[in-house]
1. Does any residue in the stretch 60-83 that is farther than 11 Å from ARG199 by Cα come within less than 9 Å, Cβ to Cβ, of a residue that is open to solvent by less than 10 Å² (accessible area, probe 1.4 Å) and outside any strand (DSSP E or B) six or more places away or on a different chain, and which pairs are these?
2. Filter the stretch 87-116 down to residues that are assigned to a loop (DSSP other than H, G, I, E, B) and over 27 Å from the mean Cα position of the chain (by Cα) and give me whichever is surrounded by the most Cβ atoms within 10 Å (Cβ to Cβ).
3. Out of the stretch 61-82, which residues are surrounded by 16 or more Cβ atoms within 10 Å (Cβ to Cβ) and in contact with a Lys or Arg (Cβ under 9 Å, 6 or more places away or on another chain)?
4. Could you check the stretch 182-231 and list, in sequence order, the residues that are part of a strand (DSSP E or B) and without any contact (Cβ under 8 Å) to a residue 40 or more places away in the chain?
5. Being within 26 Å of GLY47 (Cα to Cα) and out of contact with any strand residue (DSSP E or B) (no Cβ under 7 Å at 6 or more places or on another chain) is true for just one of PRO183, PRO165. Which residue is that?
6. Does at least one position in the stretch 165-181 carry a residue that is open to solvent by 30 Å² or more (accessible area, probe 1.4 Å), assigned to a loop (DSSP other than H, G, I, E, B) and in contact with a helix residue (DSSP H, G or I) (Cβ under 7 Å, 6 or more places away or on another chain)?
7. In the stretch 51-91, which residues are at pLDDT below 95 and either among the polar types (S, T, N, Q) or out of contact with any strand residue (DSSP E or B) (no Cβ under 6 Å at 6 or more places or on another chain) (or both)?
8. What do you reckon, is TYR78 out of contact with any helix residue (DSSP H, G or I) (no Cβ under 9 Å at 6 or more places or on another chain) and assigned to a strand (DSSP E or B)?
Amino acid sequence: MARPAGGLLRPGPGLQLLLRLLRLRLLLLLLLLGGLLLRGGGAAAAGAEPCQAPRQWEGRTVSYEHGTGRNTRAAVSYDGPNERLRILEERKALIPCKKFFEYILLYKDAVMFQIEQVTKLCSKIILTEPWDPYDIPANSTYEDQYYIGGPGDEIMVQEWSDRKPARKSESWVGVYTVKDCYPVQETYTKNYSVTTSTRFFDIQLGIADPSVFTPPSTCQTAQPRKMKDEC
């Protein structure tokens, strides 16, 4: 039996069509994989579930009140299981007629202690708001995943909110790290306006000294009204 010219069998029209389809599918697969890499894993996060944030930690925060334009820096001790929060305002500069306070919030007792850092004068105030932990609620809506920083010095975070399909806006947006679920920023809005934004940093797990949640002895004779932070 004689061979075709060139000594090789030529594929028929049906086999040629099959090969073209296979090449096209391979090309589409490579394009899809390249797109996923460029998106930094965003497609994988589309079905993301809220992570579990640390329940006890200490760190620092900067809270910005959009209504007053005021930044407040503080050292924070956070005790989720016992629903306790201690906030120690930091002095970064000498501000005339500015008072700095320590706040001890005990939500299980529905009480907050406000202690003036110099005189140790104390106010005892009833808490009316419920405990609001620093975490991502189970019914939160996934918003986005992205890197903070740049090449070689970046951290991947996820953004969550309480936005629901029937409501276009949200009253809370939280940004948490993907790796360990540390809080990065929380923003609250009311009536379509941002009220407060809080940034978190220098977080260390655990509570070094649980006594920070114990009010000083001056709080035994605490006044029932909140002190002003100005002279």
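The values are calculated or read from the model by the stated rules, or taken from the named source; none is laboratory data. It should be emphasised that the depicted structure is a prediction, and the values quoted were computed from it without experimental measurement. Counting neighbours? That spans all protein chains shown, and the Cβs are built from the backbone with ideal geometry, glycine included. Surface areas here come from the heavy atoms of the whole protein model, side chains and all, with no ligands, DNA or RNA. Shrake-Rupley method; radii C 1.70, N 1.55, O 1.52, S 1.80 Å.
1. SER77/PHE213; ASP79/PHE213; GLY80/ALA53; ASN82/PHE213
2. First, pick out the residues of the stretch 87-116 that are assigned to a loop (DSSP other than H, G, I, E, B): 90-97, 99-100, 107-110.
Subsequent filtering for residues that are over 27 Å from the mean Cα position of the chain (by Cα) retains 93-97, 99.
Values: ALA93: 5, LEU94: 6, ILE95: 11, PRO96: 6, CYS97: 7, LYS99: 16.
In this case the residue turns out to be LYS99.
3. Of the stretch 61-82, the ones surrounded by 16 or more Cβ atoms within 10 Å (Cβ to Cβ) are 61, 63-64, 72, 74-80.
Those that are surrounded by 16 or more Cβ atoms within 10 Å (Cβ to Cβ) and in contact with a Lys or Arg (Cβ under 9 Å, 6 or more places away or on another chain): THR61, SER63, TYR64, ALA74, ALA75, VAL76, SER77, TYR78, ASP79, GLY80.
4. Quick first cut of the stretch 182-231, residues part of a strand (DSSP E or B) only: 183-190, 193-205, 223, 230.
If the condition is that a residue be part of a strand (DSSP E or B) and without any contact (Cβ under 8 Å) to a residue 40 or more places away in the chain, then VAL184, GLN185, THR187, TYR188, THR189, LYS190 are the ones that fit.
5. Numbers: PRO183 fails: out of contact with any strand residue (DSSP E or B) (no Cβ under 7 Å at 6 or more places or on another chain).
Within the list PRO183, PRO165, the selection yields PRO165.
6. At the first step, the residues of the stretch 165-181 found to be open to solvent by 30 Å² or more (accessible area, probe 1.4 Å) are 165-171, 173, 178-180.
Next, from what is left, pick out any that are assigned to a loop (DSSP other than H, G, I, E, B): 165-171, 178-180.
Filter once more, keeping what is in contact with a helix residue (DSSP H, G or I) (Cβ under 7 Å, 6 or more places away or on another chain): none.
Scanning the stretch 165-181 turns up no residue that is open to solvent by 30 Å² or more (accessible area, probe 1.4 Å), assigned to a loop (DSSP other than H, G, I, E, B) and in contact with a helix residue (DSSP H, G or I) (Cβ under 7 Å, 6 or more places away or on another chain).
7. GLY67, THR68, GLY69, ARG70, ASN71, THR72, ARG91
8. Working: out of contact with any helix residue (DSSP H, G or I) (no Cβ under 9 Å at 6 or more places or on another chain): yes; assigned to a strand (DSSP E or B): yes.
When the stated conditions are applied, TYR78 passes them.
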